[in-house]
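Here is the structure we will look at.
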Amino acid sequence: MIDMHVHLEFADYTFDWIDKFVDRAVAMNIDTLCLVEHTHQFKDFASMYTDIVKYSDFQYNWYYKKKLRDLTEYTDFIDEVRKRKYPIKLLFGLEVCYFEGMEKLIDEKIHSYNFDHIIGSVHWLDGFGFDLNRKAWENVDVDNAYRRHFEIMEKLIESELFDAVGHPDSIKIFGYTPSYDLIPTYNKIAGLMKKHGICAEQNGGVHMKHNEIELGLAPEFLKAVKENGVKIITASDAHRPEDVGRNIAELVKTI
Ligand SMILES: [Zn+2]
Ligand SMILES: [Zn+2]
């Protein structure tokens, strides 16, 4: 089984830390594991986040509480890890926060190193970090948030910068649903994924954090993705070793 979206964050880059992820992958029958880092962890991408920190005190604190690193700190470490032997296929990549108009910077940075896998994710809607806390949704127009989310995703797909779309419907994370029918949107997005040759993640991250939310894509979205012949990859979205491979067996059954 494959887990294509696992975050290394919250630790220093050491071989011991990698071993913890690999050991858990082996225990969970994962034979291909892709470790990724968020772009918001690196100074190299800081210019993408200027509107984010202005949006609210909460987001300002969220962004700056992290220890921002140089991307080379990560890539130098990958170079060292790639020299070692592991019992599974170990890949390295980035989960890029996609922002419209930032394609040039993203293109330059993701091609500054030989990454195995680049995930493009919509996390921000015109400054609003929709997956960070429920309270931030209180004054948000839900229909507009959904429209913007999928408009931004269209641009993400059309940019052809990414191998996969991360958690394509994580906008549902706090249970807010739009008043309009999403099926035409699902069909449009799935068609674009096929046209531009990008994979769709079947990602268990939202369900792992909020188990009242369905596991993976909405059934109608998954149906559209399958009908369009889009390649689907399974992803736990683990942020710590003990969550590697979580829900993957169940997600595999759906694809
Ligand atoms: Zn994400
Ligand atoms: Zn992630």
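Coordinate-derived values only; no laboratory data. Since the model is a prediction, treat every value here as computed from it, not as a measurement. Reconstructed Cβ throughout: ideal geometry from the backbone, glycine too, with neighbour counts over all protein chains shown.
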* To do: Can you check what the net charge comes to around residue 214, using other residues whose Cβ is under 10 Å from the Cβ of residue 214 (Lys, Arg +1; Asp, Glu -1)?
  => -1
* In a solvent-free Debye calculation with one equal scatterer on each Cα, what is log10 I(q)/I(0) for the chain at q = 0.18 Å⁻¹, listed in the order of the q values? -> -1.64
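For a footprinting-style exposure proxy, rank 64, 49, 86 by other Cβ within 10 Å, fewest first. Please list the in-between numbers first.
Working: 64 11, 49 21, 86 15.
Exposure proxy ranking, most exposed first: 64, 86, 49.
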* Where the only charges are on Cβ atoms (+1 Lys, Arg; -1 Asp, Glu), what is the dipole of segment 126-255 about its Cα centre, to the nearest 20 debye? -> 240 debye
* Provide the per-residue ³J(HN,Hα) series for segment 113-128, in order, calculated from phi with Karplus coefficients 6.51, -1.76, 1.60 and θ = phi - 60°, each as a whole number of Hz, with x at glycine and proline positions. => 8, 7, 6, 7, 7, 10, 9, x, 10, 8, 10, 10, 10, 6, x, 7
* To do: Distance between Cα centroids, segment 211-255 to segment 9-42: provide it in whole Å.
  => 19 Å
* Amide hydrogen neighbours beyond the local backbone of residue 91, cut-off 5 Å, H modeled -> 33, 34, 35
* Relative contact order %, segment 2-254, counting alpha carbon pairs below 8 Å whose residues are six or more apart -> 23 percent
* **Stokes-Einstein D (µm²/s) once Rh is taken as the Kirkwood radius of segment 213-255 over alpha-carbon pairs, at 10 °C in 1.306 mPa s** => 140 µm²/s
* Structure fact -> Taking a straight Cα-to-Cα line shorter than 15 Å from residue 188, and setting aside same-chain aspartates and glutamates fewer than 8 residues away, one finds 151, 154, 158, 169, 220, 227
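For the chain, what is the calculated [θ] at 222 nm in deg cm²/dmol (nearest 500), taking -39500 (n - 2.57) for each run of four or more DSSP H residues and dividing by its residue count? Write down the numbers at each step before the final one.
Numbers: 10 runs with 98 residues, N = 255.
So the calculated ellipticity at 222 nm is -11000 deg cm²/dmol.
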* Pairs to check: 67/209; 67/194; 155/194; 104/195; 172/194; 54/109. Give those whose C-alpha atoms are more than 26 Å from each other in this structure. => 67/194
* What residues have an amide H closer than 5 Å to that of residue 202, excluding those fewer than 5 places away on the same chain, when H is modeled at 1.01 Å from N in the peptide plane? -> 233, 234, 235
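As an exercise, use a Förster radius of 51 Å and the Cβ-Cβ distance of residue 79 and residue 179 to find the FRET efficiency, rounded to the nearest 0.05. Intermediate values should be presented prior to the final figure.
On the way: r = 50 Å, r/R0 = 0.98.
The computed FRET efficiency comes out at 0.50.
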